[in-house]
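Working notes, structure below.
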Amino acid sequence: MDKKVKILGAGLAGCEAAYFLAQRGVQVTLYEQKPVKFSPAHKNENFAELVCSNSLKSMREDSCQGMLKNEMKHFGSIVLQAAYECAVPAGGALAVDRDIFSEIITQKVKNHPNITICYEEVTDIDTDELTIVATGPLTEGALYDKIKSMCGAGMSFYDAAAPIVMADSIDMNKVFAASRYGKGDDDYLNCPFNKEEYEAFYEALVNAERAPLKSFEDDLTVYEGCMPVEVMAGRGADTLRYGPMRPVGLRDPRTGHRPWANVQLRCENREKTMYNLVGFQTNLKWGEQKRVFGMIPGLENAQFVRYGVMHRNSFINSPAVLNNTLNLKEYPNVYFAGQITGMEGYTESSMCGLLAGYFVWCKLTGAQPQIPALTTISGALLNYITTPNKDFQPMGANMGILPPLENHIRDKRERYMALSVRGKAAIEEIDLTLQEA
């Protein structure tokens, strides 16, 4: 069999798949439309650009994200390697300097002798050629139409990104540094609200003017994991206090009490010159963002480096069209990877790219692919996106998708650790011994 593979898209999933295959002797041609053409949400020319948050979430071994990172490590993830190289303080989470992160991955991929980069917009897919489609949730134009014709009617929802402010414009007399429950090294800045401040902020937020969406806004569905803060607020006056503005695990040193509500700021870079508003993805007009978010204690005079934006996020009906090896049932040479499959999230998308690379490698070598067990996060997610579902929606990593333990453990922390140990043993059964394709 031909030892060549085309990969469309140099995002997280595409880079993972390309590097996985190249490391095993496969000649990879990686197509990337930047800098020839940029999507509405992408700004720099590097690969693996992080658009929404700069956090790859928890590193705790007894968390779903910690489990997933262990599984990525088993597959030799370059996303994980790059993230550790440019990590910024974020308590128990793995957050990165997004510019350095993208640069590291770009150089690793570009300099690999088995990877050829083609900077061009792809408009068609040859179903006779071994291809991995990892074009992401913003796929559009002729390629979107081609995918839609291959997969049937597409679906779409929306993602939103949070604003970023300059550190030196934050009033440090009104904020305090702390991580929830004392975990981490006071990596977050906290903006505490009293009851009156919160109520005024809430009223301003729910009545603020939103930015108009593009022509594809008619059937607006918002992904729960990246919901605009104003949409969340519309569900009720206390929704934010139990969501991104929850004050639990925090104590305002000025009062000695827990705030009524709280906004956390997370550093964007190693130098800590920029902070993003955690959980404050938004589609408010920019002037409204400055006005309303300026009511957050400590941000009265904040300088915004980036305002929040909202964009379309498209995905295929994976359960209807994909095998559990991520290739199309009708066109078995064409594989899909990343968020376009409905695996939602940075680490999830990266893992999906690794799986696609692995399944293609198995096809090239004639090896029988080992499907990750349902007791692993990657296996459970793979099962979710390839199992028939009447109302298929994107899914991120969570403990709820794992099968229960044989012997129930009441303590949540102990139960999660047991699930993690079980999953780790299962992923290590997959043989990834390096061999030339």
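The values are calculated or read from the model by the stated rules, or taken from the named source; none is laboratory data. The shown structure was predicted, so the numbers you read here are calculated from the model rather than taken from an experiment. Neighbour counts run over all protein chains shown; Cβ positions are idealised from the backbone, glycine included.
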Practice item. Filter the range 383-411 down to residues that are under 16 Å from Gln65 (Cα atoms) and without any contact (Cβ under 8 Å) to a residue 12 or more places away in the chain, then give me how many there are. Key: 1
Practice item. Select, from Glu45, Glu103, Glu85, the only residue that is surrounded by fewer than 24 Cβ atoms within 10 Å (Cβ to Cβ) and modelled with pLDDT under 95. Key: Glu45
Check your understanding: Scanning for something small (Gly, Ala, Ser), part of a loop (DSSP other than H, G, I, E, B), more than 30 Å from Gln289 (Cβ to Cβ) and in contact (Cβ under 8 Å) with a residue 60 or more places away in the chain, does the range 130-143 turn up at least one residue?
Key -> yes
Exercise for review: From (1) crowded, with 16+ Cβ neighbours inside 10 Å; (2) touching a residue at least 24 places away in the same chain (Cβ under 8 Å), pick out the condition that doesn't hold for Ala380.
Suggested key: (2)
Study note, to complete from the structure: Flagged in the range 182-235 as under 23 Å from the mean Cα position of the chain (by Cα), among the small types (Gly, Ala, Ser) and at pLDDT below 95, in numbering order, are Gly184, Gly225
Review point. Would you pick out the residues in the range 288-301 that are touching a residue at least 40 places away in the same chain (Cβ under 8 Å) and either touching a Phe, Trp or Tyr at 6+ places or on another chain (Cβ under 8 Å) or not in a loop (DSSP other than H, G, I, E, B) (or both)?
Key: Glu288, Gln289, Arg291, Val292, Phe293, Met295, Ile296, Pro297, Leu299
Practice item. With the condition kept exactly as written, say whether any residue in the range 250-271 is buried (at least 17 other Cβ atoms within 10 Å of the Cβ), touching a Phe, Trp or Tyr at 6+ places or on another chain (Cβ under 7 Å) and under 30 Å from Ile125 (Cβ atoms). Key: no
Review point. Which ones in the range 112-124 are part of a loop (DSSP other than H, G, I, E, B) and under 18 Å from Gly357 (Cβ atoms)?
Key: His112, Pro113, Asn114
Practice item. Taking the residues in the range 14-66 that are aromatic (Phe, Trp, Tyr) and either part of a loop (DSSP other than H, G, I, E, B) or in contact with a Ser or Thr (Cβ under 6 Å, 6 or more places away or on another chain) (or both) as candidates, determine which candidate is farthest from Lys412 (Cα to Cα). Key: Phe38
Study note, to complete from the structure: Scanning the range 168-179 residue by residue, those surrounded by fewer than 20 Cβ atoms within 10 Å (Cβ to Cβ) and either part of a loop (DSSP other than H, G, I, E, B) or touching a strand residue (DSSP E or B) at 6+ places or on another chain (Cβ under 8 Å) (or both) turn out to be Asp171, Met172, Asn173, Lys174, Ala177
